[in-house]
1. So, in the range 339-350, exactly how many residues are buried (at least 24 other Cβ atoms within 10 Å of the Cβ) and closer than 11 Å to Tyr305 by Cβ?
2. Can you tell me how many residues within the range 462-489 are part of a helix (DSSP H, G or I), in contact with a Leu (Cβ under 9 Å, 6 or more places away or on another chain) and modelled with pLDDT of 70 or more?
3. Pull out all pairs, ordered by first then second residue, where Cβ-Cβ is under 9 Å, the residues are six or more apart or on different chains, the first lies in the range 311-333 and is over 18 Å from Ile29 (Cα atoms) and at pLDDT 80 or above, and the second is basic (Lys, Arg) and crowded, with 23+ Cβ neighbours inside 10 Å.
4. Taking the criterion of being hydrophobic (A, V, I, L, M, F, W, C), closer than 30 Å to Ile439 by Cβ, in contact with a Ser or Thr (Cβ under 9 Å, 6 or more places away or on another chain) and assigned to a helix (DSSP H, G or I), would at least one residue in the range 285-302 satisfy it?
5. For the range 406-421: of the residues being surrounded by fewer than 16 Cβ atoms within 10 Å (Cβ to Cβ) and aliphatic (A, V, I, L, M), which is nearest to Trp255 (Cα to Cα)?
6. May I ask you to list the residues in the range 450-465 that are surrounded by fewer than 17 Cβ atoms within 10 Å (Cβ to Cβ), over 17 Å from Ala430 (Cα atoms) and of a type outside the set (Val, Ile, Thr)?
7. If you scan the range 331-354, which residues turn out to be more than 19 Å from the chain's Cα centre (by Cα) and farther than 18 Å from Thr445 by Cα?
Amino acid sequence: MGNRFLSSAGFYGSASLYTAVLGLVSFPIMTRLFEVAEYGLLGLVSATIPVLVGIGKLGLQHASIRFYSELNAGGSHWRLPQYYSTLFLSMALCALLLWLLMQGFLELFSAHFIEDRELRVLFSIATYLIVTRVLESGMLNLLKAREQAFSHSLYLMVKRTLVLLVTIGVMLLVEVDLALYFLTLTAVEMVLLAVFSVFHVPLTRLRPRYFSKPLLSAMLLFGIPMFGIEFSTTLITITDRYIINAILGAEALGWYTSAFTLVEYAQGIVTMALATAALPIFLRLYAEEGDQAAHGFIDDALRLYYVAAIPVVLIVASAGEAIITLLAGEKYAAGAAVMPWVAAGVGMHGAFVLVACGLYLKKKTGQMFAILAFTAVSNLLLNLWAVPNYGIVGAAVASLVCYTVCSMVAYLLSRRHFALRLPWLSIARAAGAALLTYIVLEQYTPPLLFLELVYKGLVGGILYLALMCGFDSELRQRLLKLFMALPSH
């Protein structure tokens with residue numbers, strides 16, 4: 001596997017780890033500051049904003065990665081000043097128009113659709129995040145396209161730190177209030193984006209005269225199906241929450257949201273970092289070095305992804321109740337039942353970018369949109385049946401089923417354009433090692449929650465790694481080389 005990928009994945013992984021640590025620090029504070037129902041509403045609004053942001057981006061952030069690799073390799077007749085101006089001016093205009101439309105809708109019609117007045121107020125405040133996050137996406141995807149993993153990771157780490165310190169500080173010093181939380185969050189994100197843009201966005205090249213309608217048309221032709229993809233993906237992530245809130249109430253939503261948040265932190269440490277680093281490097285390798293280099297890279301990336309994702313499911317299956325009770329409090333313990341299902345679902349969802357690499361490569365965005373739109377509709381129907389019958393566990397299982405089908409269909413279609421191979425043997429080895437580790441861990445449970453968490457996390461991790469080294473000779477050799485490369489004292 002290329003050093004560039006490992007370096008990028010290391011930066012993304014460091015940012016994910018740092019974000020997860022800060023999230024774990026803030027999580028028990030937030031769950032104790034807010035009641036379960038309030039935390040559920042916070043999660044509902046936070047999960048809805050990405051849907052609106054996705055509409056505001058129109059898929060241009062995805063086109064930015066695909067088109068930059070071509071421009072930078074000299075494979076396009078457009079030039080970088082046209083690219084920068086067309087990308088950022090278009091995204092800014094779309095975001096402003098959407099913000100105006102949302103403010104008008106909330107002012108005139110929201111009372112007919114949202115009965116809870118507090119929820120209407122929260123949405124009104126949170127819509128200001130649309131403009132900020134659309135432009136932020138343009139900057140971050142430009143950094144990914146340039147393979148500037150360090151700058152990308154630094155921004156996310158600084159953002160997470162400031163959001164944690166300022167929002168919790170304001171609530172502790174002023175008032176514990178959801179509206180105040182979103183006002184503070186919006187202010188912090190706006191200021192930080194403005195500062196980072198000075199250093200990482202080529203502002204001097206953003207000129208209306210460089211704006212290219214043909215380039216915008218080409219980017220939209222690629223990006224609008226990608227917008228459909230992102231819109232469908234975010235619908236999948238919020239459908240279950242709206243149905244839970246409508247059928248089971250805000251308290252059940254709070255249990256589900258807390259479990260989902262913890263699992264996202266855990267998966268974000270390893271799997272999301274790998275998926276984030278992989279796509280731009282894969283596209284660059286294919287453009288610059290050809291098919292063979294791209295094949296070797298994506299094979300290794302897939303293998304490493306699954307080997308890293310499977311033990312996360314193992315840990316939350318064995319120690320989920322201890323994790324959520326210790327971090328969130330006893331009042332959120334009911335959410336532990338959904339954690340293994342959510343972990344598996346998040347892992348399958350993260351693999352989509354990798355298994356769909358052939359569709360990305362050949363710009364088959366229409367096929368990707370069709371896959372995810374079908375998944376979104378299926379997820380809606382499954383949740384409408386599962387939540388009334390099986391509660392929040394039914395919602396988590398329904399999402400897992402939909403993500404699994406989605407990734408497998410993407411894999412089969414991707415193979416038509418790129419000879420992709422799933423590492424079935426590595427997956428089987430990882431699953432076997434995880435199962436054996438789970439069986440061992442279930443033989444003994446320490447009396448204290450903290451000790452249970454440390455025991456199952458530490459012993460489980462060491463045992464899984466040892467079993468994988470026994471099952472997988474290539475992994476064993478890689479770790480041995482890494483160990484031998486360490487400085488001796």
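1. Number satisfying all stated conditions: 1.
2. 6
3. Ile315/Lys456; Ser318/Lys456; Ala319/Lys456
4. So far as the range 285-302 goes, yes, one or more of its residues are hydrophobic (A, V, I, L, M, F, W, C), closer than 30 Å to Ile439 by Cβ, in contact with a Ser or Thr (Cβ under 9 Å, 6 or more places away or on another chain) and assigned to a helix (DSSP H, G or I).
5. Met408
6. Phe450, Leu451, Leu458
7. Hits for the range 331-354 are Lys331, Tyr332, Ala334, Gly335.
Conditions (1) surrounded by fewer than 11 Cβ atoms within 10 Å (Cβ to Cβ); (2) among the hydrophobic types (A, V, I, L, M, F, W, C); (3) modelled with pLDDT of 80 or more; (4) outside any helix (DSSP H, G or I), marked per residue:
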| residue | (1), (2), (3), (4) |
| --- | --- |
| Arg66 | no, no, no, no |
| Ser69 | no, no, no, no |
| Gly74 | yes, no, no, yes |
| Pro81 | no, no, no, no |
| Tyr84 | no, no, no, no |
| Met91 | no, yes, yes, no |
| Leu97 | no, yes, yes, no |
| Leu101 | no, yes, yes, no |
| His112 | yes, no, no, no |
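The values are calculated or read from the model by the stated rules, or taken from the named source; none is laboratory data. This is a predicted model, so every value here is computed, not measured. Reconstructed Cβ throughout: ideal geometry from the backbone, glycine too, with neighbour counts over all protein chains shown.
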